[in-house]
1. Report the residue count in the range B:1-23 for those that are assigned to a strand (DSSP E or B) and either more than 13 Å from the chain's Cα centre (by Cα) or modelled with pLDDT of 95 or more (or both).
2. Filter the range A:71-80 down to residues that are surrounded by 15 or more Cβ atoms within 10 Å (Cβ to Cβ) and over 14 Å from A:Trp34 (Cβ atoms), then give me how many there are.
3. Among (1) modelled with pLDDT of 95 or more; (2) more than 28 Å from B:Gly4 (Cα to Cα); (3) open to solvent by less than 70 Å² (accessible area, probe 1.4 Å); (4) out of contact with any Leu (no Cβ under 7 Å at 6 or more places or on another chain), where does A:Cys68 come up short?
4. How many residues are within 14 Å of another protein chain (Cβ to nearest Cβ) and either in contact (Cβ under 8 Å) with a residue 12 or more places away in the chain or touching a Pro at 6+ places or on another chain (Cβ under 7 Å) (or both) if we restrict to the range A:56-73?
5. Please work out if B:Val44 is in a strand (DSSP E or B) and in contact with a helix residue (DSSP H, G or I) (Cβ under 7 Å, 6 or more places away or on another chain).
6. Grab the strands (runs of 3 or more DSSP E) fully contained in the range A:1-112, keeping just those with 3 or more residues being under 24 Å from B:Arg107 (Cα atoms).
7. Looking at the range A:1-15 only, could you name the residues that are within 13 Å of A:Val116 (Cβ to Cβ) and open to solvent by less than 70 Å² (accessible area, probe 1.4 Å)?
8. If you take the residues of the range B:44-60 that are within 12 Å of the chain's Cα centre (by Cα) and either touching a residue at least 12 places away in the same chain (Cβ under 8 Å) or open to solvent by less than 40 Å² (accessible area, probe 1.4 Å) (or both), which of them is nearest to the other protein chains (Cβ to nearest Cβ)?
Amino acid sequence: DTEVTQTPKHLVMGMTNKKSLKCEQHMGHRAMYWYKQKAKKPPELMFVYSYEKLSINESVPSRFSPECPNSSLLNLHLHALQPEDSALYLCASSQDGTGGVLATEAFFGQGTRLTVV
Amino acid sequence: SQQGEEDPQALSIQEGENATMNCSYKTSINNLQWYRQNSGRGLVHLILIRSNEREKHSGRLRVTLDTSKKSSSLLITASRAADTASYFCATDAETGRRALTFGSGTRLQVQP
């Protein structure tokens with residue numbers, strides 16, 4: 001199984017709503033990532049979890065709250081978002097979670113298309 | 001933050017032609033990877049080239065890496081309409097944060 005599964009595929013939420021994005025992988029990868037991608041732009045890193053611990057937060061606003069309940073799951077909790085947060089949110093995982101070389105490729109999910117109204 | 005730039009930003013060719021995309025980056029790297037993204041979907045890994053490698057092939061793909069110039073190129077030979085997608089280079093920096101940083105991307109359109 002070389003898949004990263006993201007749910008939901010599409011999400012429309014109001015600015016006062018609370019929602020969560022979910023990501024799951026069963027490849028035994030110990031590094032998991034959240035990226036945000038706006039239209040016609042490259043993915044931008046938001047968070048990195050390594051061995052279930054948050055290792056990188058790219059100065060993301062607190063209305064985005066990541067969580068890694070176990071080595072297979074990654075969540076992104078959303079609260080009080082703004083319309084400019086509308087984007088494609090991509091989850092990824094990779095094999096090497098320790099310090100050093102990122103030796104192999106990252107596997108990406110199909111993303112959640114988020115619209116904030 | 002964006003590690004590098006890609007050029008061209010957009011490329012339109014006929015089926016059967018070759019497509020070349022270039023990527024430049026700023027910091028020393030451990031490896032450089034190329035990814036493909038169909039419209040609005042996830043990224044698919046194409047090829048990884050390590051900093052001590054100069055050229056790598058995979059099927060119709062050929063990647064070169066010049067660490068002295070901090071640049072890489074991706075060549076797709078005998079292109080097909082199904083190759084239409086956005087292509088991104090991504091670098092794993094030698095120091096600092098351990099995550100892929102993506103270039104600006106090239107949108108490739110292959111006309112049947």
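The values are calculated or read from the model by the stated rules, or taken from the named source; none is laboratory data. Computed from a prediction, not measured in an experiment: that's the story for all the values here. Positions of Cβ are backbone-derived with ideal geometry, glycine not excepted, and every protein chain shown enters the neighbour counts. Protein only, heavy atoms only, side chains kept; ligands, DNA and RNA dropped before computing areas. Shrake-Rupley method; radii C 1.70, N 1.55, O 1.52, S 1.80 Å.
1. Step one: of the range B:1-23, the residues assigned to a strand (DSSP E or B) are B:4-7, B:10-14, B:19-23.
Retained after the next criterion (residues that are either more than 13 Å from the chain's Cα centre (by Cα) or modelled with pLDDT of 95 or more (or both)): B:10-14, B:19-23.
Count: 10.
2. Residues meeting the conditions: 3.
3. Single failed check for A:Cys68: (4).
4. From the range A:56-73, those within 14 Å of another protein chain (Cβ to nearest Cβ) are A:56-60, A:66; that's our starting set.
If we keep only those that are either in contact (Cβ under 8 Å) with a residue 12 or more places away in the chain or touching a Pro at 6+ places or on another chain (Cβ under 7 Å) (or both) as well, we get A:58, A:60, A:66.
The number of residues fulfilling the criteria is 3.
5. On the way: in a strand (DSSP E or B): yes; in contact with a helix residue (DSSP H, G or I) (Cβ under 7 Å, 6 or more places away or on another chain): no.
No: the conditions fail for B:Val44.
6. Values: elements: A:4-7, A:10-13, A:18-25, A:31-37, A:44-50, A:53-57, A:64-70, A:73-79, A:87-94, A:106-108.
Counting at least 3 such residues, we get A:31-37, A:44-50, A:87-94, A:106-108.
7. Of the range A:1-15, the ones within 13 Å of A:Val116 (Cβ to Cβ) are A:10-15.
Passing the criteria: A:Leu11, A:Met13, A:Gly14.
8. First pass over the range B:44-60, keeping only residues within 12 Å of the chain's Cα centre (by Cα): B:44-49.
If we keep only those that are either touching a residue at least 12 places away in the same chain (Cβ under 8 Å) or open to solvent by less than 40 Å² (accessible area, probe 1.4 Å) (or both) as well, we get B:45-49.
Details: B:His45: 4, B:Leu46: 9, B:Ile47: 9, B:Leu48: 6, B:Ile49: 11 Å.
Of everything passing the filter in the range B:44-60, B:His45 is nearest to the other protein chains (Cβ to nearest Cβ).
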